[in-house]
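FYI, it's all coordinate maths here, none of it is from the lab. Here the structure is a predicted model, which is why all the values come from computation and not from measurement. Note that each Cβ is placed from the backbone with ideal geometry, even for glycine, and that neighbours are counted across all protein chains shown.
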């Protein structure tokens, strides 16, 4: 029952992040379950009116009178983040993303604003990414409690993607301490050679990290404008955190 609930949340999160309907095959592949299991879960969600099925795939039913709290929050985050992502991209001319941490400690992007430069960084928002070797993921890991982060270190395997990847417990633990101290994570060639980024946390009205936004660029260009990117993403993160916290306050007072 618990696994089914987790998988349902994974499917809903995936549909929130996707800019288009997803097929049963795509959903099964991303959630890492058999297509027959995906069909059964999707049938339940469709019956309860959480999702809509069309000829091209499944999408979230935003008109449903009943929504899971996590979906509602992330739809709201995506909606208020988009203008800020676009502003940071317009200022820096580099790609920006907003991501959250899944129950399996992976990064799921909710949305993005892609650079118009011919040579740019881009990523498929329907695919999960490891947290330990991405700037967004490191910010989200820094938002965990000490005990949960130590559990992550002990249970989640890490692979050496590049010579810069942090795989040892000591090095990753120090990186997370640095992120908590300085308020941002900087990643240079840690997951993919030639791609770098800076990420900052998005916090709710209680001060807890609920998401992260990052700006990413080809490393050669990133190193030349690192200071500009850092200033832009820190400013964007502060504005988004403030907007999200104020919106939460309004919603809470209306209930």
Completion exercise
Tilt, helix 69-92 to longest principal axis of the chain (alpha-carbon atoms), in degrees rounded to tens, equals 40
Handout entry: Inter-probe distance in nm under a simple model that places probes 7 Å from Cα toward Cβ, at residue 36 and residue 206
Key = 4.1
Exercise for the section: Compute log10 of I(q)/I(0) for the stretch 108-232 with the Debye formula, placing one identical point scatterer on every Cα and leaving out solvent, at q = 0.11 Å⁻¹, to two decimals. Expected result: -0.36
Handout entry: Extension gain from residue 170 to residue 223, taking 0.36 nm per residue of separation minus the Cα-Cα distance
Key = 16.5 nm
Exercise for the section: Take the chain, drop everything but the C-alpha atoms, weight them equally and run the Debye formula without solvent; then report log10 I(q)/I(0) at 0.07, 0.08, 0.15, 0.17 Å⁻¹ to two decimals. Expected result: -0.24, -0.31, -1.12, -1.37
Fill in the blank from the handout: the stretch 110-236: relative contact order from alpha carbon pairs under 8 Å, six or more residues apart, as a whole percent, is 24
Completion exercise
Ordering 208-214, 9-15 by per-residue average of other C-beta atoms within 10 angstrom, highest first, gives 208-214, 9-15
Fill in the blank from the handout: Under the rule rounded for a/c under 1.5, else prolate if a/b exceeds b/c, else oblate, using alpha carbon gyration tensor axes a ≥ b ≥ c, the stretch 2-60 is classed as rounded
Problem - Value of [θ]222 nm, deg cm²/dmol, for the chain, DSSP H segments ≥ 4, -39500 (n - 2.57) each, nearest 500 - result: -16000 deg cm²/dmol
Exercise for the section: Please determine, in degrees from 0 to 90 and to the nearest 10, the orientation of helix 2-17 with respect to the longest principal axis defined by the Cα atoms of the chain, where the helix direction is its Cα long axis. Expected result: 70
Exercise for the section: Compute the long axis of helix 226-254 from its Cα atoms, compare it with the longest principal axis of the Cα atoms of the chain, and write down the angle in degrees, 0 to 90, nearest 10. Expected result: 40
